Structure formats: structure tokens, C-alpha cells
1. I'm trying to understand the selection: among the residues of the range 116-149, which are in contact (Cβ under 8 Å) with a residue 40 or more places away in the chain and surrounded by fewer than 17 Cβ atoms within 10 Å (Cβ to Cβ)?
2. Pairs please, first residue from the range 34-47 and near ligand 1 (Cβ under 6 Å from one of its atoms), second anywhere and part of a helix (DSSP H, G or I), Cβ atoms under 7 Å, 6+ apart in sequence or on different chains.
3. Mind checking which residues of the range 48-78 are free of Cβ contacts under 8 Å to residues at least 24 places away in the same chain and crowded, with 16+ Cβ neighbours inside 10 Å?
4. Cβ-Cβ distance below 7 Å, separation of 6 or more or different chains: which pairs start in the range 1-23 with a residue that is under 17 Å from Lys210 (Cβ atoms) and end on one that is charged (D, E, K, R) and outside any strand (DSSP E or B)?
5. Which members of the range 150-170 meet the condition of being within 16 Å of ligand 1 (Cβ to nearest atom) and surrounded by fewer than 22 Cβ atoms within 10 Å (Cβ to Cβ)?
6. Pull up the range 45-83, narrow it to residues that are within 16 Å of ligand 2 (Cβ to nearest atom) and touching an Asp or Glu at 6+ places or on another chain (Cβ under 7 Å), then point me to the one that is farthest from Met196 (Cα to Cα).
7. For the range 185-199, enumerate the residues that are crowded, with 16+ Cβ neighbours inside 10 Å and within 16 Å of ligand 2 (Cβ to nearest atom).
8. Considering only residues that are within 11 Å of ligand 2 (Cβ to nearest atom), buried (at least 23 other Cβ atoms within 10 Å of the Cβ) and outside any helix (DSSP H, G or I), which ones fall in the range 34-44?
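Just so it is clear, none of the values below were taken in a lab; they were calculated from the coordinates. Here the structure is a predicted model, which means the values were calculated and not measured. FYI the Cβ positions are ideal-geometry reconstructions off the backbone, even for glycines, and counts take in every protein chain you see.
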Amino acid sequence: MPHVEIRNLSKEYNSVKAIDGISFNVEKGEIFTIIGPTGAGKTTLLHLIDMLDTPTFGSIHYDGINLNLLSEQEKVAIRRRMGLVFQKPVVFKTDVYKNIAYGLNLRNIEKEVVERKVKDAIKLVGLSHIENIEKREAKSLSGGEVQKIALARTIVTEPKLLLLDEPTANLDPTNVAILEDVIQSINYERKMTVIMATHNMFQAERLGNKVAFLFDGKLIEVGSVDAIFHEPREELTKAFIEGKLVY
Ligand SMILES: Nc1ncnc2c1ncn2[C@@H]1O[C@H](COP(=O)(O)OP(=O)(O)OP(=O)(O)O)[C@@H](O)[C@H]1O
Ligand SMILES: [Mg+2]
């Protein structure tokens, strides 16, 4: 059974078809990247998977469960197995420790365990070199640091499915590489399935097992990294990866 199965999914906002009749599967353990230009529908798709929004047509199945048919209570239970890092992450007006511990405290986890997990997460995302980082006011951090806090806050809850929306958009090349390593290691060592939206085709090529190319709400092509980047079947995919797509 696929981990996530998207069936004939559409999302319309007034007259805008943000997602237009797409279907694909994500298998357990994959890093699945969604590429496509601005406005292609990447964020909308991630929000639908995370149940922040409901489809206009079609359905999403998580471990075989149709998300459309869940009660609010069941949604909360399923959402706890997922973690979404927003494209524009926000931090709470408190210190870094409380920001990262937030989801663990919601789950009533023992204080000592929370402390250990928060420390591990800070180290994992590459923030432990900042002196007294746990006590820093989160609002005082740089854009890239906030992005790392947002990732730490999500992975600390050990979701089975990690949804990442442009996770390296605010980072310099060194930190892009650090975060790509983090994503790869949590996928491999902690067995999290990752669905990641990115503008950055090179990132998709470096990280993805599978790639879906979205354009104008439509799924143009889906396949392995090799197939999409070296033998694309569609002219639109070819134009996009060659940087020649006009839109
Ligand atoms: N709440 C909304 N109301 C109206 N239109 C929306 C809403 N959310 C998204 N859209 C529209 O749906 C389309 C897809 O938007 P989406 O944010 O999913 O694209 P994206 O691929 O994530 O773009 P980007 O790469 O810039 O982040 C856009 O045309 C956008 O304006
Ligand atoms: Mg987006």
C-alpha cells in the first residue's frame, strides 16, 4: 500500500484551479520532491496533505485511510503522524527551547525526555554552536536560523511523514548543504518519509528519489530523479529543467 495516495485531486479558489486533477503515489521511506515554478500549486498540495485545507474534488489516502472521511478527532490523530514545515515559518514569541519543545509538550511527554529531544534537534539542524541558543528569543534570530528552528520543532515530534515547503529558501549555500544533509539523515536514520516542495531543481536532483513536476496546477510528469532529469518524456519538463520554460 502506498504511504500517500493522491487520487484525481483538485483544489479551486474561486476561479483559480490551484490543483487540477492530479494523481500520484508516495511510497514509505522515499524523499519525494515536488518541483514547479511559482504558482504551480506546490504549497496548496502540501497543505491539502496536511489537512489544513480540504480538496474541491478527489481524495488523499494516508496509509490507505481516506482523509476526506475523517472526523475532527481522527484528523488530529493522523496529523500527529505528519509534520509540516511552512514556506514562511513563524516562531512563537518566546525562547528557542519553548519553540522547539512546543509539540512535545502538547503530547504530555516527560520533562527529561523533552530536554533530551530538544537538545538533539538543535544539534541535528546545526544550531548548537550558537552560544546559549536555547535561551535566545526566537524572534531575534535570522531568517535562516528561524527556518532551522521550524525544522527542529517539527522533527522533534518524530513524524512518519515530513512535509517540507521550500525548506532552504532563506539559506546561504553552506547552510543549504547542512540542511540537505539533515533531511537525508532523518530520512535514512529515522525512517521518515519526506515530501518536499522546492523551486530548486538541483536540490530535487540531489535529494529526491522521486520527482513530480507541477505546472499550473497540473501534474506534468512524475518519475525517478534519473528519468525526470535525464530522460524527461514531456516537452514542458524538458523546458523547465533546462531553464527555458516561459510562463
Ligand atoms: N487561499 C487562496 N486563495 C486564492 N488563491 C490561492 C490561495 N492559495 C493559493 N492560491 C493560488 O493558487 C495558485 C497556487 O499557489 P501555491 O501557493 O500553491 O503555489 P506554489 O507552487 O507554492 O508557488 P511558490 O513557488 O511561489 O511558493 C496560485 O495561483 C495562488 O495564487
Ligand atoms: Mg509555495
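1. First pass over the range 116-149, keeping only residues in contact (Cβ under 8 Å) with a residue 40 or more places away in the chain: 124-126, 135-139, 141, 146-147, 149.
Residues satisfying the conditions are Lys135, Glu137, Lys139.
2. Partner pairs satisfying both residue conditions: Gly36/Lys42.
3. So in the range 48-78, the residues free of Cβ contacts under 8 Å to residues at least 24 places away in the same chain come out as 54, 65-74, 76-77.
Listed by number, the residues that qualify are Leu67, Leu70.
4. Pairs found: Met1/Asp63; Pro2/Glu27; His3/Glu27; His3/Lys28; His3/Asp63.
5. Looking only at the range 150-170, we keep the residues that are within 16 Å of ligand 1 (Cβ to nearest atom), and these are 150, 163-170.
Across the range 150-170, the qualifying residues are Glu166, Ala169, Asn170.
6. Step one: of the range 45-83, the residues within 16 Å of ligand 2 (Cβ to nearest atom) are 45-50, 52-53.
Checking the rest, the ones that are also touching an Asp or Glu at 6+ places or on another chain (Cβ under 7 Å) come to 46-47.
Numbers: Leu46: 8, His47: 12 Å.
Ranking the candidates gives His47 first.
7. Narrowing the range 185-199 to residues crowded, with 16+ Cβ neighbours inside 10 Å: 186-187, 192-198.
Those that are crowded, with 16+ Cβ neighbours inside 10 Å and within 16 Å of ligand 2 (Cβ to nearest atom): Ile195, Met196, Ala197, Thr198.
8. The answer is Ile34, Gly36, Ala40, Gly41.
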